[in-house]
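The structure appears below as structure tokens.
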Amino acid sequence: MVRTVARIYRARHVNIGPVKVRAYMLEKETSINGDFFDVYTDIVEHYKNTEGVIVEVVKYSKDGKEEYVAVYTIDKGRLLFQRPAKLKRIVLIDEKQATTLVPQSLDRASSYTLSEDVYVYLGEIASEKPVWGVLIETDKGSRLVKLTK
């Protein structure tokens with residue numbers, strides 16, 4: 001069965017160990033019948049010019065695979081992940097690990113998990129500890145983000 005799912009996320013600041021992130025919480029998820037582009041246009045029209053909100057619309061094929069994904073927000077910030085994704089873990093990368101980054105070094109790095117469902121997309125990220133960057137692990141993959149000083 002072909003279906004289109006619309007998700008609405010709302011911005012929130014989250015502390016994860018020594019890391020502060022502007023992330024998002026899933027506020028609403030709805031399955032909608034109709035043309036993907038019409039659904040996307042209608043939902044974006046409803047939320048246009050609304051700060052702190054992300055609209056994600058996904059069309060699934062008959063076999064349950066994602067066919068189309070569209071994301072809308074007026075929020076500004078660093079791209080933490082290429083689309084809204086559930087944050088699973090943050091790994092702190094120090095200067096030494098950054099120069100010799102191999103999977104084994106990540107096993108010894110400081111890492112933090114979450115007890116609630118938090119999503120990353122655009123936002124700010126900072127650490128109270130002096131670190132080179134963070135590895136953001138999500139349900140859709142991982143991304144290395146260098147922190148600015």
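The values are calculated or read from the model by the stated rules, or taken from the named source; none is laboratory data. Keep in mind that this is a model prediction, so the values were computed, not measured. Cβ placement follows ideal geometry from the backbone for every residue including glycine, while neighbour counts extend to all protein chains displayed.
Filtered by the rule that a residue be closer than 15 Å to HIS13 by Cα and either assigned to a strand (DSSP E or B) or under 10 Å from the mean Cα position of the chain (by Cα) (or both), segment 121-146 gives TYR121, LEU122, GLY123, ILE125, ALA126, SER127.
Regarding ARG83, is this residue surrounded by 16 or more Cβ atoms within 10 Å (Cβ to Cβ), part of a loop (DSSP other than H, G, I, E, B) and touching a strand residue (DSSP E or B) at 6+ places or on another chain (Cβ under 6 Å)? Spelling it out, ARG83 is indeed surrounded by 16 or more Cβ atoms within 10 Å (Cβ to Cβ), part of a loop (DSSP other than H, G, I, E, B) and touching a strand residue (DSSP E or B) at 6+ places or on another chain (Cβ under 6 Å).
State whether the residues of segment 25-43 include one that is touching a residue at least 40 places away in the same chain (Cβ under 8 Å) and assigned to a strand (DSSP E or B). Yes: one or more hits. GLY64 meets the conditions (1) at pLDDT 95 or above; (2) on the phi > 0 side of the Ramachandran plot; (3) not hydroxyl-bearing (Ser, Thr, Tyr) in every case but one. The failed one is (1). Of all residues in segment 19-35, those that are surrounded by fewer than 19 Cβ atoms within 10 Å (Cβ to Cβ), touching a Phe, Trp or Tyr at 6+ places or on another chain (Cβ under 8 Å) and of a type outside the set (A, V, I, L, M) total 1. When segment 52-89 is filtered for residues that are among the aromatic types (Phe, Trp, Tyr) and within 12 Å of the chain's Cα centre (by Cα), only PHE81 remains. Restricting attention to segment 51-65, the residues that are closer than 21 Å to VAL118 by Cβ and surrounded by fewer than 16 Cβ atoms within 10 Å (Cβ to Cβ) total 2. Exactly one residue among ALA11, ALA70 is crowded, with 16+ Cβ neighbours inside 10 Å and in contact (Cβ under 8 Å) with a residue 40 or more places away in the chain, and that residue is ALA11.
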